[in-house]
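Please read the structure below before turning to the comments.
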Amino acid sequence: MMVFLVAVYEILLLVGLVVNLFPYIYKKKVDWEGLLEKFTFYSSQIRSLFAQTGASIWIQAVSVGEVLLVRRLIKELGLKNYTILITTTTLTGKRVAKKFYPNLAVVYFPFDFTFSLLRALNLFKPKIFIAVETEIWPNLYYHLKRRGTKILIINGRISEKAFSYYKKVKFFMKKIFSLIDYVGVKDNISRERFLSLGMEEEKVSVVGNLKLASLYAEKKDLDDFYLKYSKLKKKGEMLLVAGSTHPGEEEMIIEVYQQLLEKFPNLKLLIGPRHLQRIPLLEKTIESKGFLPQRVTRGGWGNLQPPSIYILDTIGELFYFYSLADICLVGGSWVKFGGHNILEPLYFLRPTLFGPYMENFKEIEEVVLEKKAGIKVKDKKELREILEKLISDSGAREELSLRASRVFEEGEAILKRNIDIISTYL
């Protein structure tokens with residue numbers, strides 16, 4: 001029966017590939033090297049690496065979020081006796097993986113066809129396959145199981161939308177789930193959904209959200225950052241960092257800052273817009289409010305003519321700028337965008353404020369609010385009031401920092417549970 005179901009699936013997959021392949025290439029969702037990799041035609045360097053090694057650990061991380069999610073997990077596992085393979089589904093995911101894992105093999109995830117999968121499996125010889133979040137690949141799982149490879153899903157979840165679809169093909173899903181050796185899920189809701197779709201009870205456990213342990217700052221990177229930017233904030237000054245901001249939020253933040261300056265003249269503001277191409281428009285907004293825009297890459301911070309507002313015009317440094325801040329605001333949450341990662345400033349134990357629209361980070365928001373480690377601010381008036389209190393009250397800031405540390409204590413426990421589980425299969 002399983003062979004028949006996989007054959008039907010493969011036919012449907014082939015039809016989908018024929019229909020979508022050229023739009024996929026046209027939209028630049030994959031480059032030509034990546035397309036070859038998806039058909040399992042790898043570079044000589046990759047072929048040579050795996051030809052000389054034994055069993056590998058294969059980690060599938062769809063895109064950027066999943067790639068970063070396993071950064072600490074890979075580091076702490078210490079898999080020195082295995083060749084680690086990271087596959088990604090998106091072009092941006094692959095680029096980020098190559099940046100953060102320069103010493104590991106990184107290629108595109110193959111198309112889920114027998115002819116390509118057999119080539120990949122013969123080359124990679126995986127001892128364990130680890131899917132980050134919930135990745136269901138029927139053909140791959142079927143062939144992995146036939147080879148005796150252990151199949152694990154970490155940080156698993158089934159969204160309400162996916163659950164509604166899976167219920168319609170429950171018989172098929174139960175067959176696929178029977179191939180999986182273990183699923184570590186984020187919460188009880190996901191566990192119940194896996195069980196209702198036919199996953200065996202002993203194979204599913206609630207481990208917690210690995211995102212709480214995903215952030216990691218290398219000491220060298222931090223030292224280099226401070227050497228470059230520490231003079232941006234002078235002694236006696238306080239720095240307010242507003243990160244990942246969107247149109248509509250910046251105007252509100254600048255107006256609140258303008259009001260706060262009357263009482264706190266040593267308060268400085270740095271705005272890191274989510275999209276750097278908007279910086280010229282942001283500069284005009286800043287000027288229209290009576291301030292001088294100052295891009296951080298242009299230096300000269302010691303000679304700024306007040307009143308000025310810093311603009312973060314670099315890629316990949318916002319995370320570290322949060323460490324310089326006294327108070328942080330995380331954008332995308334006062335407009336209907338869905339929020340951004342509030343764990344980044346909390347990682348540095350900084351008092352963190354965010355708006356009411358956090359749909360994209362609901363699980364993280366719930367943990368942070370449960371531990372009272374961050375503050376949800378509904379509007380401009382409340383933002384000014386809370387900032388005024390935090391600036392005036394160092395004790396309130398310290399209390400928020402203490403609560404933030406508890407978020408990451410939970411994250412460390414979740415990381416350890418994932419490591420212990422994976423280690424039993426090595």
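Select from the stretch 169-186 the residues that are assigned to a loop (DSSP other than H, G, I, E, B) and in contact with a Gly (Cβ under 8 Å, 6 or more places away or on another chain) and write down the one among them that is modelled with the highest pLDDT.
Only one residue tops the list, namely 178.
Quick one: residue 89 ticks every box in (1) surrounded by 17 or more Cβ atoms within 10 Å (Cβ to Cβ); (2) touching a residue at least 40 places away in the same chain (Cβ under 8 Å) bar one, so which box is it?
For residue 89, the exception is condition (2).
Please determine whether any residue of the stretch 202-216 is more than 30 Å from residue 272 (Cβ to Cβ) and in a helix (DSSP H, G or I).
If we filter the stretch 202-216 for residues that are more than 30 Å from residue 272 (Cβ to Cβ), which is where we start, we get 202-207.
Remaining after also requiring in a helix (DSSP H, G or I): 202-203.
Yes, the stretch 202-216 has at least one match.
Pick out the one residue from 120, 105, 61 that is under 16 Å from the mean Cα position of the chain (by Cα), small (Gly, Ala, Ser) and either modelled with pLDDT of 90 or more or not assigned by TED's automatic domain parsing to the domain that holds residue 211 (or both).
Testing whether each residue is under 16 Å from the mean Cα position of the chain (by Cα), small (Gly, Ala, Ser) and either modelled with pLDDT of 90 or more or not assigned by TED's automatic domain parsing to the domain that holds residue 211 (or both) leaves just 61.
Residues in the stretch 123-157 that are closer than 23 Å to residue 92 by Cα and either in a loop (DSSP other than H, G, I, E, B) or not assigned by TED's automatic domain parsing to the domain that holds residue 69 (or both): how many?
Going through the stretch 123-157 one residue at a time, the tally reaches 6.
In the stretch 244-260, is there at least one residue being at pLDDT below 95, surrounded by fewer than 17 Cβ atoms within 10 Å (Cβ to Cβ) and acidic (Asp, Glu)?
no
For every residue, the table says whether it meets (1) in contact with a Cys (Cβ under 8 Å, 6 or more places away or on another chain); (2) closer than 24 Å to residue 343 by Cα; (3) in the same structural domain as residue 389 (by TED's automatic domain parsing); (4) not hydrophobic (A, V, I, L, M, F, W, C).
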| position | (1), (2), (3), (4) |
| --- | --- |
| 234 | no, no, yes, yes |
| 241 | yes, yes, yes, no |
| 267 | no, yes, yes, no |
| 278 | no, no, yes, yes |
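Is it the case that residue 416 is without any contact (Cβ under 8 Å) to a residue 60 or more places away in the chain and within 18 Å of the chain's Cα centre (by Cα)?
no
Looking at the stretch 323-330, is at least one residue touching a His at 6+ places or on another chain (Cβ under 8 Å) and crowded, with 18+ Cβ neighbours inside 10 Å?
yes
The values are calculated or read from the model by the stated rules, or taken from the named source; none is laboratory data. The structure displayed is predicted, hence computed values, not measured ones. When we count neighbours, we look across all protein chains shown, and the Cβ atoms used for this are built from the backbone with ideal geometry, even at glycine.
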